[in-house]
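Q: Got a structure here, written out as structure tokens. Questions coming.
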Amino acid sequence: MFGGVAMHALGGDLIQKEEIVAAGIVGSISTLYRLIENGKFPPGTKIGAKRFWRRQEIEALFVKSTA
């Protein structure tokens, strides 16, 4: 699911769905939402009208998926 993606490609502490896709963590926004729905990706936090994920939260998924 997350293989081969360099986490340094993600800048800042909060990232948006477009950045998750651009970093190659998921193939598309629809895939991201499907993973969230299936409990395989954290839902993130809504701030105003946008949803954000903490970089550390995403990095933790990489550690978990390679363990």
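Q: Can you return the aspartates and glutamates within cross-link range of K40? Criterion is Cα-Cα under 13 Å, with same-chain partners fewer than 8 residues away left out.
A: Hits, sequence-local ones excluded: E57.
Q: Also: Considering only the other residues whose Cβ falls under 12 Å of the Cβ of L32, what net charge follows from Lys and Arg at +1 and Asp and Glu at -1? Present the calculation step by step, with values, prior to reporting the outcome.
A: Numbers: positive: K17, R34, K40, R51; negative: E18, E19, E37.
Cβ neighbours under 12 Å give a net charge of +1.
FYI, it's all coordinate maths here, none of it is from the lab. Bear in mind the structure is a predicted one, so any value in this text is a computation, not a measurement. Glycine also receives a Cβ, built like all others from the backbone with ideal geometry; neighbour counts cover every protein chain displayed.
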